[in-house]
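Since the structure comes first, as structure tokens, the remarks are kept for the end.
The values are calculated or read from the model by the stated rules, or taken from the named source; none is laboratory data. Keep in mind that this is a model prediction, so the values were computed, not measured. No Cβ is skipped: glycine too gets one built from the backbone with ideal geometry, and neighbour counts run over all protein chains shown. Protein only, heavy atoms only, side chains kept; ligands, DNA and RNA dropped before computing areas. Shrake-Rupley method; radii C 1.70, N 1.55, O 1.52, S 1.80 Å.
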Amino acid sequence: MSARSFRFASIAAILGFALVFGTVPAGAKTAVVATTAADFSSGAHATIAVEPENGQRAVQTDLAPTISDITVAAFGTSFYRIERFMADNVTKFEIDAPATPAWQYSTLDAGETVSGNPYGMVFVDENRALLLRFGKAAAWFVDPTPADEAGFKIGEVDLSPLADADGVPEMAGGATVGDRIFVILQRQDRDAGFIPGEAYVAVVDAAAGTLIDPGVTAAPGIPLPARNPQRIQYVPENDTIYIACNGPFVGFGPPELDYTGGIVTINPNTFETNLLVDDGDADNHPYGTISNLAVLSPEKGYFIGFNDFGDNNLYAFDPVTGAVTGPVAPSLQAKNLATLAAGPDGFLWVGNATDAQVALVDPATDTVVETVDTGLNPARIVFADDADSAPSPDEDGSGGGGSGCFLNALAR
Amino acid sequence: MAITDRKFSPLNRPISILAVLISLAVLSGPPTARAQASDPYRMDAVVVTAEPPEERRTGDVDAKLSPTFNTVIPREQFVTRTTDLGEVLEKEAGVEVRRSGGLGGFSEVSLRGASSDQVMVFLDGILLNEASGGGVDLGTFSLSDVAALEIYRGVTPMNLGNASVGGAVNIRTLRPDDGFSAAATGRYGSFDTRGLAAVLSGRKGHWDGLLSAEHLASDNDFEFLNDNGTPFNPGDDREEDRINADFDRTNVLGKIGRTFGERYRLDLVHQSFFKDQNLPDWRNTPGTRTNLDTERQLTALRFTADRVGPFNLAFQGDHSRRSEEYDDRLGQIGLGRQRNRYTTNRYGGHVFGEVFWGGHLFTALLDLHRETYDSDDLLGTGAESQSDRDTLSAGIGATLFFLGERLILTPGLRYAHFWNELDAGTDLFDQPAEGRSDDDDHFSPQIGLKYQAANWLTVKSNLGRYVREPSFFERYGDRGFFLGNPDLEAETAVNFDAGLEARWQAGPAGVQSGWAGAAVFYNQVDDLIARSFDARGVGKAVNIDEARIQGLELSFGVSVLDWLRLTGNATFQEPENRSEVASFEGKHLPGRFERSWLVRAEADWQGFTLFGEYGVQEDMYYDTANLLTAADREEVNAGLEWDWRDLTLSLEGRNLQDNQYEDFNGFPLPGRTVYLTARYRFEMEN
């Protein structure tokens, strides 16, 4: 065989191999769902293939059972399960072996006596992430790919300048925008029933690991016009950060603070804030409180309106004007809706904790087009790259920025 | 894990098995000698009673007449051995005790797969379960003043007044002896456990009295393997001593009584209990300072009048006060800083009467109690709340004798009316909290049958309907991020059991006496109250579950060659959750073992008693979805006791293999423990 023939044969063989075995589309992802028992007696995680094959999604549930107070984050082909209050650890899994821990490390320094209550990981790149610790004043910079446990913690950033009187700022989520990490701070008063105070966003220099003073107020942070931020998401298409603020849980705080939440936007360049959607007041609160959001595109976002225990609804909103539509998705009305995520497939992924399902909502029709059983109740949804995909960060707020999902969404 | 994966269980055909057992027993005829009334082994389902019970007083349960599958554990079985109430109870069939740690720590009892808050616990017939919720913490009781422990599975005798869906345990305290007696006990053992106890008892003329006091303390710093909260990372595991688990407690019981002629008697009883308990955190963190102080004061005045015409009557007024102060001001265990005081006051009285009429025994009971529950935040937020419950219980029952007393029927009917009120108060945010009130009533019929099929064989069966009223916490959500549910229904259960007991004197191979028993049980619990949480982590009690618990209990005991005794029991149960929640449906209720068995051998020789025990418990889940499996466990215990005149020395070792287990996920239990006990008795006739 001549060299030219050999080259041709080789290329043909490679192409043939790819045609036969390369059934996973480039950029394919798998959803990783943190799941919890209805009575919080246990937890686990589940995986759901984003792209069905032959009309079937590959689903695995009840993986690596553990406690219920967990969340997940993802970057590339890895995902990280974070066990929170009193457990204080992070476990790394690879998406092609989702039940087998790659490693598990503590999120407490030796000698720390109160739980750090890790809440999430915000990724800068494959070697650097910010570990949010709800129970502490300092967040950790960690290496998600350490050689050993000693290499896991690589630094920390002190957010105590933005803490309330109890000294703990209650960091609850974050998003990476360029070389900055925006961290939402609930600033709950631990000495008085965890009443959320004036909320702030801390801006952290991702490379230097220091707190940036945005110069908005005397405090080195961005004050929010709503309380108790729950979820943050950066949308690169319109260069805007969206934050869902719940306000105090109604009935668990002073009545005058009820319905002091809403959806807040931040311009990451000017730090200007805007109350895009107001949750109303004690007399008029058409959606209840706003407990979660997901923005699928600059034209379409969703939030959960929390009406009462187990009685939540899904609303659509315009991420630019703030105009609200809904409730939408009739089959999800009056359910215990736990979480939202913008799926790489262009659908909204909704965690339905009444029926232990993830529901996929088509933004074109605002209706549920598919449901997937998750075993236990879904609490958090993130997306990891499949093993043969190019690494990319998850779109979820805890996983930092990225733009892949919007391109996919628009392509549908 | 699928239910079908489980190993073979005799529960697949429990009724059939029982039928076969009965048939075999009857067809095989009586053993070589008939049982006699003086049999040192008094046969109940799983009973070994070494000595006859104390003199029965009006209002006491007469276990001999009761068809319930009950066990009476006399003081002699534990006085020189353990100080742990749960440890005594859990050796009986159908009983499980779960502990959060070592001696003195929180522990709760389950009978036949019921949850601890479904099991009623009484102290001398006074109800200890509180309307505020949760089961009774067995770690707040001393054995030093206990005369006997009575276990009633499935069915609660009418004499005890209140009943619930999970059976009952009655802690019967000492009563004064004739003449004068005194005893002192000293104890020392592992983890610097040390205790002193003394009892004085006397009777002079019409007066009698008793004073008992105990102080017990332990460092509880047992060694265990701490996984540092990272079970998938063995690299950071380390052997550590348990931190901040020490406790000390003091228990004092005083009784004074006077008889008026032969028919009337007045008793005044007071018990004081204090416990200072430190609480370790989940990760065994150095520097943990969390603490729980418990105080209980209980006073009862009782008047009995026998043979007043045809009636025997008992009147009782009682007051109990339990106060707990939880101090986690550093926020080391709970979420946030907490320092709270919870106080329950309960007072009221009851009237019990019984009459023999037409050859049958009829009983009636009327009980009225008021209970108040106060919660105070001691961190200065001003939050406080008070809840009240008034309970009226009435019951009538009969013990009907037929066929020359070979057949006993015990029909009964209870009525209970509850008035619940959450008083208006101040919430954590210094806001006025609205009051609420409601009332509820229930009828609970029950019937029992006891038939002496042969001199050596007794058949028993019981059927009853029971109710558990929701607790304040479940109904009002008066603590933490928990919502009240005023629409919550009471749990209701239909409990059925049937079984046989056989006993005999003499037999082959040197067997001198023996007994054996078998019982099947089937409990259907509806409107089971479960806790559900929403996405915020806020909880609420809801009626979403049902449960079906069926099982089989077996027990035996033989006395061989005058010096050897062998006893054992086994429990097989299927506590099936029939929940509306898909991930719970068909799963086992958490915290219950599916199979457990225990064998014990005890030998006497010249004042020495040597004993050994081997127990196994298998198939338990920590969680409702059955994803977290508890380790199967086996435990070997052994001891040597020496009686010399009035002195008894006892050396006892438990968990001799030094295995590490957890009843609650993440809360290790001690490994091998050894205790040395010395007891001196002094008695003087009048």
For B:Trp282, B:Trp563, A:Trp103, the accessible-area ranking with a 1.4 Å probe, largest leading, is B:Trp563, B:Trp282, A:Trp103
Work out from phi, with θ = phi - 60° and the Karplus expression 6.51 cos²θ - 1.76 cosθ + 1.60, the ³J(HN,Hα) of each residue of the range A:180-189, listed in order in whole Hz, and give x for Gly and Pro. 10, 10, 9, 10, 7, 10, 7, 6, 7, 8
So B:Asp237 and B:Leu407, fully extended at 0.36 nm per residue minus their Cα-Cα distance, gain in nm 55.0 nm
Heavy-atom accessible surface of the range A:78-134: percent carbon and sulfur, 1.4 Å: 45
I want the local charge near B:Ala582. Using Cβ-Cβ distances under 9 Å, sum +1 for each Lys or Arg and -1 for each Asp or Glu among the other residues. -4
Volume per residue of the C-alpha convex hull in chain B, rounded to whole Å³: 157
Find me the longest stretch of chain A that has none of the exposed GluC sites (Glu not before Pro), where exposed means in a DSSP loop (not H, G, I, E or B) with at most 16 other Cβ atoms within 10 Å. A:1-125
One finds, for A:Ala102 and A:Ala208 with R0 = 30 angstrom and r their Cβ-Cβ distance, a FRET efficiency to the nearest 0.05 of 0.55
Write out the GluC sites (Glu not before Pro) in the range B:174-278 meeting two conditions: DSSP loop, and at most 12 other Cβ atoms within 10 Å of their Cβ. B:Glu262
Along each of its three principal axes, how wide is the spread of alpha-carbon positions in the range B:548-686, in whole angstrom units, largest first? 65, 36, 31
Å² per residue, accessible surface of the range B:576-658 at 1.4 Å: 43
Report D for the range A:173-251 in µm² per second (integer): Stokes-Einstein, Kirkwood Rh on Cα pairs, 10 °C, 1.306 mPa s. 120
Tell me, how many Å apart are the Cα centres for the range B:225-255 and for the range B:540-584? 29
Per residue, in Å², the accessible surface of the range B:160-306 once ligands and nucleic acids are set aside, probe 1.4 Å: 40
Which residues belonging to the range A:61-75 lose at least 30 Å² of 1.4 Å-probe accessible area when the assembly is complete, relative to their chain isolated? A:Pro65, A:Ile67
Under a plain spin-label model, where a point goes 7 Å from the Cα along Cα-to-Cβ, how far apart in nm are A:Gln60 and B:Phe682? 7.2
Heavy-atom accessible area order for B:Leu149, A:Leu211, B:Leu368, largest first, 1.4 Å probe: B:Leu368, A:Leu211, B:Leu149
Could I have the simple spin-label model distance between A:Thr325 and A:Glu94, label points 7 Å from Cα toward Cβ, reported in nm to one decimal? 4.3
Based on the Cβ-Cβ distance from B:Ile396 to B:Arg263, what FRET efficiency comes out when R0 is 41 Å, to the nearest 0.05? 0.95
Nearest-0.05 FRET efficiency for B:Phe180 and B:Ala601 at R0 = 45 Å, using Cβ-Cβ distance, is 0.75
How much net charge surrounds A:Val168 when only the other residues with a Cβ under 14 Å from the Cβ of A:Val168 are counted, with Lys and Arg +1 and Asp and Glu -1? -2
For B:Arg289 and B:Leu656 in one chain, what is 0.36 nm times their gap in residues minus the Cα-Cα distance, to one decimal in nm? 129.0 nm
In Å², nearest 100, what accessible area do chains B and A bury in total when the solvent probe is 1.4 Å? 4200
For the range B:377-410 and the range A:206-220, write down the distance between their C-alpha centroids in whole Å. 63
Over all alpha-carbon pairs in the range B:241-392, figure out the percentage whose distance exceeds 25 Å. 52
Taking the range B:427-583, how much of its Cα-Cα pair set, in percent, is spaced more than 18 angstrom apart? 72
Over 19 Å between C-alpha atoms is what I'm after, so list which of B:Lys460/B:Lys587; B:Lys64/B:Lys255; A:Lys335/B:Lys540; A:Lys92/A:Lys153 land there. B:Lys460/B:Lys587; B:Lys64/B:Lys255
Using a 10 Å cut-off around each Cβ of peptide A:105-113, what is the average number of partner chain Cβ atoms that fall inside? 4
Looking only at aspartates and glutamates whose Cα falls under 16 Å of A:Lys29's and that sit 8 or more positions away or on another chain, we get A:Glu51, A:Glu53, A:Glu94, A:Asp96, A:Asp345, A:Asp385, A:Asp386, A:Asp388, A:Asp394, A:Glu395, A:Asp396
Counting only protein heavy atoms, probe 1.4 Å: which residues of the range B:229-262 lose 20 Å² or more of accessible surface in the full assembly compared with their chain by itself? B:Gly229, B:Thr230, B:Phe232, B:Asn233
Across every pair of different alpha-carbon atoms, what Kirkwood hydrodynamic radius in Å does the range B:220-284 reach? 16.1
Give, to the nearest whole percent, the P(r) tail of the range A:92-155 beyond 20 angstrom, counting all Cα pairs. 28
So for the protein assembly as shown, Kirkwood radius off the Cα pairs, Stokes-Einstein at 25 °C and 0.890 mPa s: how many µm² s⁻¹? 77
Obtain the nm distance between the two label points defined at B:Asp306 and B:Lys64 by a simple spin-label model: each point lies 7 Å from its Cα along the Cα-to-C-beta direction. 1.3
Which ³J(HN,Hα) values in Hz, rounded to whole numbers, follow from the phi angles of the range A:146-153 under the Karplus curve 6.51 cos²θ - 1.76 cosθ + 1.60, where θ = phi - 60° and Gly and Pro get x? x, 6, 7, 4, 4, x, 6, 7
Mean-position separation - Cα centroids, the range B:98-126 and the range A:84-107, in angstrom: 36
Residues of the range B:328-366 losing 50 Å² or more of accessible area relative to the isolated chain, 1.4 Å probe, heavy atoms only? B:Gln332, B:Leu335, B:Arg337
